[in-house]
Amino acid sequence: MDYATWIMIGLALALVALAYRRGNGVLAAGLKSGWDTLLGMLPLLLAVFVVVGMANVLLPRELIARWLGGGSGLKGILIASGMGAITPGGPFVSFPLVAALYKAGAGIGPVVAFITAWSLLSISRIPMEIAFVGTKVVLIRVLATVVFPPLAGLIADGLFARFS
């Protein structure tokens with residue numbers, strides 16, 4: 001396990017201890033809420049892990065390396081930016097997917113471009129965003145941020161080359 005997992009375990013245990021000290025059913029209510037959240041997320045998590053597992057065995061490493069590998073340059077960064085922009089869902093979808101791509105041979109530039117595009121440009125969030133702030137604001141936001149995923153990918157490639 002990595003340190004982030006240990007931090008989350010420690011935080012969970014600290015919150016359980018705090019809830020226990022509070023009494024009045026707070027611990028039971030918190031555990032039930034967590035259980036309900038797990039049950040609600042379980043179908044999505046299972047589907048994501050199946051997709052990632054299948055991608056790991058079905059997508060040839062050579063294909064990933066050719067299109068998104070370290071030597072794919074701007075082409076790979078632009079492809080990954082597009083993939084990130086159209087990837088639906090939250091971090092439980094995007095991060096396992098990008099981790100699978102990275103393990104399959106995607107370069108650091110495309111990986112950073114994917115994550116940046118998913119964060120800034122996610123097409124699946126645009127309808128809700130339009131409903132809240134309007135088409136004009138969303139269009140301006142997209143136009144103002146569309147350059148950042150490829151730029152972040154190029155910077156990541158440069159940093160990786162310099163510091164590795």
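Go through region 46-59 and give me each residue that's surrounded by fewer than 13 Cβ atoms within 10 Å (Cβ to Cβ) and touching a helix residue (DSSP H, G or I) at 6+ places or on another chain (Cβ under 9 Å).
Within region 46-59, just Gly53 meets the criteria.
Evaluate region 63-80: report whether one residue or more is more than 22 Å from Phe163 (Cα to Cα), touching a residue at least 40 places away in the same chain (Cβ under 8 Å), outside any helix (DSSP H, G or I) and out of contact with any Ser or Thr (no Cβ under 6 Å at 6 or more places or on another chain).
No, region 63-80 contains no residue that is more than 22 Å from Phe163 (Cα to Cα), touching a residue at least 40 places away in the same chain (Cβ under 8 Å), outside any helix (DSSP H, G or I) and out of contact with any Ser or Thr (no Cβ under 6 Å at 6 or more places or on another chain).
Among the residues of region 99-129, count how many are surrounded by fewer than 16 Cβ atoms within 10 Å (Cβ to Cβ) and under 12 Å from Ala65 (Cα atoms).
Residues that pass the stated criteria total 1.
Read-outs throughout are calculated quantities, based only on the coordinates presented, and are distinct from any laboratory measurement. As the structure is a computational prediction, the values presented were derived from the model and not from experiment. Every residue, glycine among them, receives a Cβ derived from its backbone with ideal geometry; neighbour counts consider all protein chains shown.
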